[in-house]
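Below is one structure; the comments refer to it alone.
The values are calculated or read from the model by the stated rules, or taken from the named source; none is laboratory data. What you see is a predicted model, and the numbers here were worked out from it, not measured in a lab. As a convention, Cβ positions derive from the backbone with ideal geometry for all residues, glycine included, and neighbour counts pool all protein chains shown. In case anyone asks, the SASA skips ligands and DNA or RNA and just uses the protein heavy atoms, side chains included. Shrake-Rupley method; radii C 1.70, N 1.55, O 1.52, S 1.80 Å.
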Amino acid sequence: MLLRHTEADAPERKALTINPAKTCQPIGAMYAALGVHGCLPHSHGSQGCCSYHRSQLTRHYKEPVLAATSSFTEGSSVFGGQSNLLQAISNIFSIYDADVIAVHTTCLSETIGDDINQIVRKAKEDGLIPEGKYIFHANTPSYQGSQVTGFASMCKSMMDSFAEPADKPGDHIAIVPGWVEPADMREIRRIVEAFGVEVTLAPDTSGVLDTGLTGTSQYFPDGGTTIDELKACGSARTVISLGPSASGPAGRALESRCKVPCEVLELPIGLQGTDRFIQSLSVITGKPIPEQLKWERSRLVDLMSDMGQYFYGKSAALWGDPDQIVALSEFLCDLSMFPKYAVTGTPGKGFMKRMEKACENASGPCRYEEGQRADMHKMHSWIKADKPDVLIGGTHGKYIARDEDIPLVRHGFPILDRIGHQYFNTVGYTGGMRLAEQILNCFLDRQDRDAPEERFELVM
Amino acid sequence: MSKDIAILAERQDQVGRADGSAISCGRHSTAGAVTQRACVFCGSRVVLYPITDALHIVHGPVGCAAYTWDIRGSLSSGRELHRLGFSTDLREREVVFGGEKKLRAALDELIAEHKPAGAFIYSTCLAGVIGDDVDAVCKAASTRHGIPVIPVQAPGFAGTKITGYRVACDALATLVGTGDTSTVPAGAINILGDFNLAGELWTIKSYYQVMGVPIISTITGDARINDIRRAHGAALNVVQCSGSMIHLARDMERRFGIPYIQVSYVGFEDTAAALYAVAEKLVNTDAMQRAQELVRNEVAKVTPELRRLKKLLAGRTVALYTGGAFKALSLVRALRSLGMRTVLAGCQTGGDQDYQELQRLCDPDTVIVDDITTHELGRFLARGGVDLFIGGVKERPLAYKLGIAFCDHNHERKHGLAGFDGMLTFAEEVFSSVSSPVWKLPVTRGEMG
């Protein structure tokens, strides 16, 4: 009912985003910064930005999310936010005892031209940064990119700010995991460690945004990549960037700064995505693929074959982050489904090429779009014209799901109305099994619901 | 608050006890503080959001629209335009060349498509600093389309959330007085400051209906543009959530001579007091009689169950942190009627008088705090001695992590907590959280690190 005015052949829009399939850069920068141990993200802008980002992340993770703000005033918008940031730095180190502050900018501070490098230099000169404490920053004006590019910029800044070049590379592997859930970061770590090598994930939000109830609340939880680990990324044997959009810039920065060879892969979602990741690990480490992982793979393939008849020819509509959409699309094709529609608000031409490749073997026609006008409203108009069998994306898709009576598998960011994403990984073979199960159950539940009495089946 | 809780030097005078120490308030959050507060835009957006038949277009980069897209459970009995997210999604190009053209095109497109009764254009930080003349674009669009197109000057940096309330009231004030009041019945009221969260407005309206009091407009819960335009035909403005709406009430008093009263619908006492105050003002003896009868009936309906819950809740302690101060006052009273004691009370947007009243109402050792930081909150809760925390979205997981029950009395409440039924719902919600077996599981409450 809510979206009943959406038309099947919506006119091409020039000036407007309706029901955006994206949000702004700073929230991505904040999420990335939370993955550094002892780090307090700091929003250099008006205090509302910080409040909105914290609320949204809290709704998604059901965890306390802490971040500070420069609390811009009318004066700072005219004379610059230097004094606000200096005061903030002093307060954060003295009261909150953070090890590190990750500053990200906003549309406001960027437009008035605050130079964070210069302000941080001034803070150093004024003695505001205690021994052994750090500040790093990313420029994340809200009028460029999306939350994904904000995440990418903060990850890149981690490498630019901390990674130390080494004469001789070490044995460990560095991984930029991309914008995935804490549970996914755990799984990625487990997969690499199965090869018997040490791994640094940068950033790593596990142990930060998926903590247990212990009767205590730590201002800075135990998880997160330490500064020492970030420094040591410079001596990694290789860095793997998972997800070109979210992780590509960080990996390439490490390569050019410290000569660490960088490999950029799509997210290890589903069968082939995980295959490529594991194959790379095998090549890099020179070790055979561990039996455990082979066994997990066989179980995913087993599931796919057992239930193949229910997947065959089914179509999906997806929205959200480009890295997630591309990887999911390929998995759908492996399941003999196809991504009928996909939109990402994150601008970047690479998406179209990557989708073309991911959909090479699709069993049906795929329509996808990126950028400013690729919003939920547009996708809804496509859906009005011809329905897919399932929707896959964040909670904002529930209006379409309800209006069009199409099942929704919640995936990506934000998920504001269900749990599970914090706890259960969707990367790796085990994650592929979870995704396949979620999608499959939608189809089977629907069949049970809609089947006429005589066709209602006990055994499926 | 206490010596063992580190408070930023700049904030020392914003924390005190109910023993009469002055509480400083109404100023910008300290830079570097992990404040629970939001900005001017947020203040204006939450107030205007529930107007259901208007377009709400956020003029700025996409974030401000994305975070306020359908996040408030303000229910509508008619159109639901307010639940859609519209953004001009300003990009680098507009930062250089200005965003007016884009805004104009967006307005034309949307008005043609949705035929709204009006439109609100929220001017955010960026629109403010790139110098877009949003007023002029709105004025022209208004002439072109024959509907009110109202600029909301809400750059985040231009004050606090309270400033945003005022900005919203200014926007509303441009509507009030532009409609025809010839059909407005005598003795009608406007309900100000209820946002129809979980349908609470409908509960309140039903009371006034029983009392025979006509309602012209509800600002802004379940509101319609054309009702707001006629709001100046009222004999009385009944203002809840004084922080957000008092500015409009004062403006209407000044311009149209409409008196206002401040009320609250949280708890028995305050709800009954509200209905009686309205009946008194309207010199309609019948209304008072009906109000008394209604209060008797409603109270009788829920009292047995409330008594039972009170027995179970008596003696428990509560910390509460609200948006506005008026609600904090009501909650302290409502909790007291359940036998519960408030040990910390604070809000984001209280004024001097609010805090003085809060101090008068609370026990002498109750901590009173303006614009609390997460740090102070965490430390306070971790010291123990708090059974329940009442707050909003950002506080919930913090309370839970410390093993403390929680009740959302903010935007994300899921059940109506206003009026007599609402009091019972509130008690049930409090009890369900406080009595949850999960708190009895073996976890020890420790210090915040």
Across the range B:404-419, the tally of residues that are of a type in the set (Gly, Ala, Ser) and surrounded by fewer than 23 Cβ atoms within 10 Å (Cβ to Cβ) stands at 1
Does the range B:216-242 hold any residues that are open to solvent by less than 40 Å² (accessible area, probe 1.4 Å), under 18 Å from the mean Cα position of the chain (by Cα) and farther than 21 Å from residue B:56 by Cα, and which are they?
-> B:237, B:238, B:239, B:240, B:242
How about the range A:329-396: which strands (runs of 3 or more DSSP E) wholly inside it have at least 1 residues that are within 22 Å of residue A:417 (Cα to Cα)?
-> A:338-344, A:390-393
Being touching a strand residue (DSSP E or B) at 6+ places or on another chain (Cβ under 6 Å) and surrounded by fewer than 21 Cβ atoms within 10 Å (Cβ to Cβ), is that true of even one residue in the range B:154-171?
-> no
Would you be able to say whether some residue in the range A:71-80 is at pLDDT 95 or above, in a helix (DSSP H, G or I) and out of contact with any Leu (no Cβ under 6 Å at 6 or more places or on another chain)?
-> no
Of the candidates A:129, A:135, A:112, A:119, the one satisfying the condition of being modelled with pLDDT under 95 and either more than 25 Å from residue A:323 (Cα to Cα) or open to solvent by 10 Å² or more (accessible area, probe 1.4 Å) (or both) is A:112
Which numbered condition residue B:333 fails, given (1) surrounded by fewer than 24 Cβ atoms within 10 Å (Cβ to Cβ); (2) touching a strand residue (DSSP E or B) at 6+ places or on another chain (Cβ under 8 Å) = (2)
Collect the residues in the range A:188-228 that are among the acidic types (Asp, Glu) and crowded, with 22+ Cβ neighbours inside 10 Å, keeping them in residue-number order.
-> A:204
Do we find that residue B:13 is more than 7 Å from chain A (Cβ to nearest Cβ), in contact with a Pro (Cβ under 7 Å, 6 or more places away or on another chain) and either open to solvent by 10 Å² or more (accessible area, probe 1.4 Å) or part of a strand (DSSP E or B) (or both) in this structure?
-> no
When you go through (1) assigned to a helix (DSSP H, G or I); (2) away from chain A (no Cβ under 14 Å); (3) not β-branched (Val, Ile, Thr) one by one for residue B:439, which number turns out not to apply?
-> (2)
With respect to residue A:142, is the statement that it is modelled with pLDDT under 95, open to solvent by less than 30 Å² (accessible area, probe 1.4 Å), within 25 Å of residue A:319 (Cα to Cα) and within 14 Å of another protein chain (Cβ to nearest Cβ) true?
-> yes
Sole exception among (1) crowded, with 21+ Cβ neighbours inside 10 Å; (2) within 26 Å of residue B:422 (Cβ to Cβ); (3) in contact with a helix residue (DSSP H, G or I) (Cβ under 9 Å, 6 or more places away or on another chain) for residue B:188, by number = (1)
In the range B:382-397, anything among the aliphatic types (A, V, I, L, M) and either facing chain A (nearest Cβ under 8 Å) or in contact with an Asp or Glu (Cβ under 9 Å, 6 or more places away or on another chain) (or both) is listed as B:382, B:390, B:393
Could you tell me which of the residues B:342, B:303 is farther than 26 Å from residue B:26 by Cα and either surrounded by 23 or more Cβ atoms within 10 Å (Cβ to Cβ) or of a type in the set (Ser, Thr, Tyr) (or both)?
-> B:303
Which one of these is more than 25 Å from residue B:67 (Cα to Cα) and crowded, with 16+ Cβ neighbours inside 10 Å: A:416, A:444, A:435?
-> A:435
Residue satisfying all of: in the range A:54-83; without any contact (Cβ under 8 Å) to a residue 40 or more places away in the chain, open to solvent by 10 Å² or more (accessible area, probe 1.4 Å) and of a type outside the set (Ser, Thr, Tyr); nearest to the other protein chains (Cβ to nearest Cβ) among these = A:74
Could you please let me know if residue A:1 is at pLDDT 95 or above and more than 7 Å from chain B (Cβ to nearest Cβ)?
-> no
